[in-house]
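Undergrad: The following block contains the structure, expressed as structure tokens.
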Amino acid sequence: EILCGAVVITTGTFLRGKCFVGPQGYDAGRHLRDSTEVEAPAVALALTLERLGFELNRLKTGTPPRLDGNTIDWEGLKAGWQESEMPPIPFSFLAEGDGMSLPQFAKNDLITCTRTDTSEATHKLVVEASKYLPEYDGGGGTGVGPRYCPSIWKKVERFPDRAAHPIWLEPEGVSTHIVYPNGLSGPFPEEYQYKVVKSIKGLEETDILSFAYDVEYDFVDPRQLNSYLETKACKSLYLAGQICGTTGYEEAGAQGVVAGASAALGLGFGANEGGQGPRGLYIGRDEGYIGVLVDDLVTKGTQEPYRMFTSRAEYRLSLRQDNADLRLTQLGISVGLVEPDGPRAEALNRRSRGVSEALGRMNKFRLPINTWASSPAAVGSPLEGSMRGDNGEQKTAKDVLTMPNVELDEVEKIMFAHYAQNTLLEDGAAPESIGEAAPTPQHIRDTVSAQIKYASYLERQGREMERWRKNENLRFPRWFSFDHAQLPGLSAEECQKLSEAQPETFAEAAKISGVTPHSLVYMYHILTKGVGGASAKATPAEEEVKGQMHFMESDEISSTVGAAGESAVPEEQGSPM
């Protein structure tokens, strides 16, 4: 018996875990990395949680086979090589610069990943092997696995018309020959795993070092937790990671930060010494993706392994990797996670000061429009001949940077060529009064550029979210259908879950796990399109919607109708995380 003031449980896949290779299942939390042995599951802990009244359900995940990189035909796959990013981008803001001076770069310790693809022969083998797949406890026997990281069988089953699926060959480190074939998970019998691997280009002679397997495990319905990841039924008991229904290393690590910090704060450590400070670490949805993840879990719950996508955040334009320190370091200082006089706080102050000075310079530098477009420094850039200004019209550097396809270095090149001609200088002031004529430092360039380019989008995004929140009790009319034909902007997951739940109001739809705030705004626009306009006669369906708008101001109705079909957030082209 161990007595303590607070406990954080992070069981991963061990909570009543069961592993599968082929149809056979065996009690285990996972396989040991360099052995055929397995680690025992945590069965007694699952029973204890049930005895305490927690609701438990089952999820599953899988891992692909590990391949011997020395037996892969890398040269035959050269067309699919994806080299490390150049220049390398440091993960920490303490490493100011572009990473070229990092020891890994200096030693050329960089990894190249390679793409290959499955074949029709692969798919035939997968279909043939599917009759040997295990029967799971959850999902009616098929198991409940990650929707967006499916097994190779699920991909073949869902997309029978596709002749190939990509497989990324990822070396597991700079000092190992073990390769992780991303996209090839599936708990087939070992003899079929050999056949599947050897049916793929470049892997014809490849040896398998360890076989793929699935693991099914218990998780606690996260709606039984508060925003500190503390259980509501048992004070000072915290949960983090897959036990909360998530999948993915980053998701688990994020929850570990919240639960661990909250446990310490709850005991009076850190900023809560003496019980006078916060009793847990709270991160809002507008402050970080961690806040979005935790809020989604504790308010909506999840019925499948949860992954954090940027599309789940209504403020994703302001939740960027380039400004993570500006958003969160001060919060870390306030709860005692970051030393107020330490190197991280000093780095924050330097970056914050640098960003403010750079933004100020961009806002204070102005030239005639014709100068921006006709300067010799503009030759070869998108600004060359791009605009004409009559009557001496002028633009600031900030205005010019907001133009499409214009980059910060192109604007600064023209600025420095005409620094003494800045028309915003006061009489007699030297050009240097707005800052040195030197490029914006590398470690703040992305932040400066993003803050200027996204400014108008951020304003629109805020207005749209506020408008929809004021009207979240708007009811879906009887004619409204949640099918993809009517809502092409929604994902298949969202259409499926909305069709199953059939919410009556937007407030109800907002509580469905997997339905994003952005999609709620999109449906709001679809629903209100054409309502309140100047048409001669509204249809019965339009009258039904219009009748629900009695709680909106007239100018809100007209602006809503005018914005119908628009989105404050550009279509996502990838993750900024």
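Undergrad: Of everything in segment 344-390, what is in a loop (DSSP other than H, G, I, E, B), touching a residue at least 12 places away in the same chain (Cβ under 8 Å) and among the hydrophobic types (A, V, I, L, M, F, W, C)? Give them in sequence order.
TA: Residues of segment 344-390 in a loop (DSSP other than H, G, I, E, B): 365, 375, 379-390.
Among the residues that remain, those that are also touching a residue at least 12 places away in the same chain (Cβ under 8 Å) are: 365, 375, 381-383, 385-389.
Within segment 344-390, PHE365, LEU383, MET387 meet the criteria.
Undergrad: While we're on this one: Going through ASP68, ASP34, ASP73 one at a time, which residue ends up being over 30 Å from the mean Cα position of the chain (by Cα) and without any contact (Cβ under 8 Å) to a residue 40 or more places away in the chain? Reasoning before the result, please.
TA: Numbers: ASP68 fails: without any contact (Cβ under 8 Å) to a residue 40 or more places away in the chain; ASP73 fails: without any contact (Cβ under 8 Å) to a residue 40 or more places away in the chain.
Selected residue: ASP34, the only one of ASP68, ASP34, ASP73 that is over 30 Å from the mean Cα position of the chain (by Cα) and without any contact (Cβ under 8 Å) to a residue 40 or more places away in the chain.
Undergrad: Could you check GLY245 against (1) at positive phi; (2) touching a Cys at 6+ places or on another chain (Cβ under 8 Å); (3) not aliphatic (A, V, I, L, M) and say which number it fails?
TA: Checking GLY245 against (1) at positive phi; (2) touching a Cys at 6+ places or on another chain (Cβ under 8 Å); (3) not aliphatic (A, V, I, L, M), the one that fails is (2).
Undergrad: Here is a further query. Are any of the residues in segment 391-408 open to solvent by less than 60 Å² (accessible area, probe 1.4 Å), in contact with a strand residue (DSSP E or B) (Cβ under 9 Å, 6 or more places away or on another chain) and either at positive phi or free of Cβ contacts under 8 Å to residues at least 12 places away in the same chain (or both)?
TA: Yes, some residue in segment 391-408 is open to solvent by less than 60 Å² (accessible area, probe 1.4 Å), in contact with a strand residue (DSSP E or B) (Cβ under 9 Å, 6 or more places away or on another chain) and either at positive phi or free of Cβ contacts under 8 Å to residues at least 12 places away in the same chain (or both).
Undergrad: Criterion first (open to solvent by 30 Å² or more (accessible area, probe 1.4 Å), of a type in the set (Gly, Ala, Ser) and at negative phi) does ALA79 satisfy it? Steps first, answer last, please.
TA: Working: open to solvent by 30 Å² or more (accessible area, probe 1.4 Å): yes; of a type in the set (Gly, Ala, Ser): yes; at negative phi: yes.
Spelling it out, ALA79 is indeed open to solvent by 30 Å² or more (accessible area, probe 1.4 Å), of a type in the set (Gly, Ala, Ser) and at negative phi.
Undergrad: Right, another one. Of the residues that sit in segment 127-153 and are of a type in the set (A, V, I, L, M, F, W, C), outside any loop (DSSP other than H, G, I, E, B) and open to solvent by 30 Å² or more (accessible area, probe 1.4 Å), which one is farthest from LEU59 (Cα to Cα)?
TA: Applying the first criterion (of a type in the set (A, V, I, L, M, F, W, C)) to segment 127-153 yields 127, 129, 133, 144, 149, 152-153.
Still in the running and outside any loop (DSSP other than H, G, I, E, B): 127, 129, 152-153.
So of that shortlist, the ones also open to solvent by 30 Å² or more (accessible area, probe 1.4 Å) come out as 127, 153.
Values: VAL127: 23, TRP153: 17 Å.
The residue in question is VAL127.
Undergrad: While we're looking at this one, here's another question. Right, GLU432: closer than 30 Å to GLU410 by Cβ, modelled with pLDDT under 85 and either out of contact with any strand residue (DSSP E or B) (no Cβ under 7 Å at 6 or more places or on another chain) or surrounded by fewer than 15 Cβ atoms within 10 Å (Cβ to Cβ) (or both) or not?
TA: Answer is yes for this residue.
Undergrad: Please give the strands (runs of 3 or more DSSP E) falling wholly within segment 190-279 in which 2 or more residues are over 28 Å from SER334 (Cα atoms) and in contact (Cβ under 8 Å) with a residue 24 or more places away in the chain. Walk me through how you get there before you give the answer.
TA: Working: elements: 208-210, 213-220, 237-239.
Output list reads 208-210, 213-220.
Undergrad: Does THR176 qualify as being in contact with a helix residue (DSSP H, G or I) (Cβ under 9 Å, 6 or more places away or on another chain) and either farther than 24 Å from CYS113 by Cβ or open to solvent by 40 Å² or more (accessible area, probe 1.4 Å) (or both)?
TA: Numbers: in contact with a helix residue (DSSP H, G or I) (Cβ under 9 Å, 6 or more places away or on another chain): yes; either farther than 24 Å from CYS113 by Cβ or open to solvent by 40 Å² or more (accessible area, probe 1.4 Å) (or both): yes.
So THR176 fits the description; yes.
Undergrad: Considering each of LYS511, LYS497 in turn, give the residue that is surrounded by 12 or more Cβ atoms within 10 Å (Cβ to Cβ), among the basic types (Lys, Arg) and assigned to a helix (DSSP H, G or I).
TA: On the way: LYS511 fails: assigned to a helix (DSSP H, G or I).
Exactly one of LYS511, LYS497 is surrounded by 12 or more Cβ atoms within 10 Å (Cβ to Cβ), among the basic types (Lys, Arg) and assigned to a helix (DSSP H, G or I), namely LYS497.
Undergrad: Condition check: in a helix (DSSP H, G or I), open to solvent by 30 Å² or more (accessible area, probe 1.4 Å) and without any contact (Cβ under 8 Å) to a residue 24 or more places away in the chain. Does GLU459 satisfy that? Full working, then the answer.
TA: Numbers: in a helix (DSSP H, G or I): yes; open to solvent by 30 Å² or more (accessible area, probe 1.4 Å): yes; without any contact (Cβ under 8 Å) to a residue 24 or more places away in the chain: yes.
When the stated conditions are applied, GLU459 passes them.
Undergrad: Sort out which residues of segment 15-44 are of a type in the set (Ser, Thr, Tyr) and open to solvent by less than 60 Å² (accessible area, probe 1.4 Å), and write them in order of number.
TA: In the first step, residues of segment 15-44 are kept if they are of a type in the set (Ser, Thr, Tyr); the result is 26, 35-36.
SER35 - this is the single residue of segment 15-44 that is of a type in the set (Ser, Thr, Tyr) and open to solvent by less than 60 Å² (accessible area, probe 1.4 Å).
The values are calculated or read from the model by the stated rules, or taken from the named source; none is laboratory data. Predicted, not measured: the structure shown is a model, and the values here were computed from it. Neighbour counts run over all protein chains shown; Cβ positions are idealised from the backbone, glycine included. All accessible areas refer to the heavy atoms of the entire protein, side chains included, with ligands and DNA or RNA removed. Shrake-Rupley method; radii C 1.70, N 1.55, O 1.52, S 1.80 Å.
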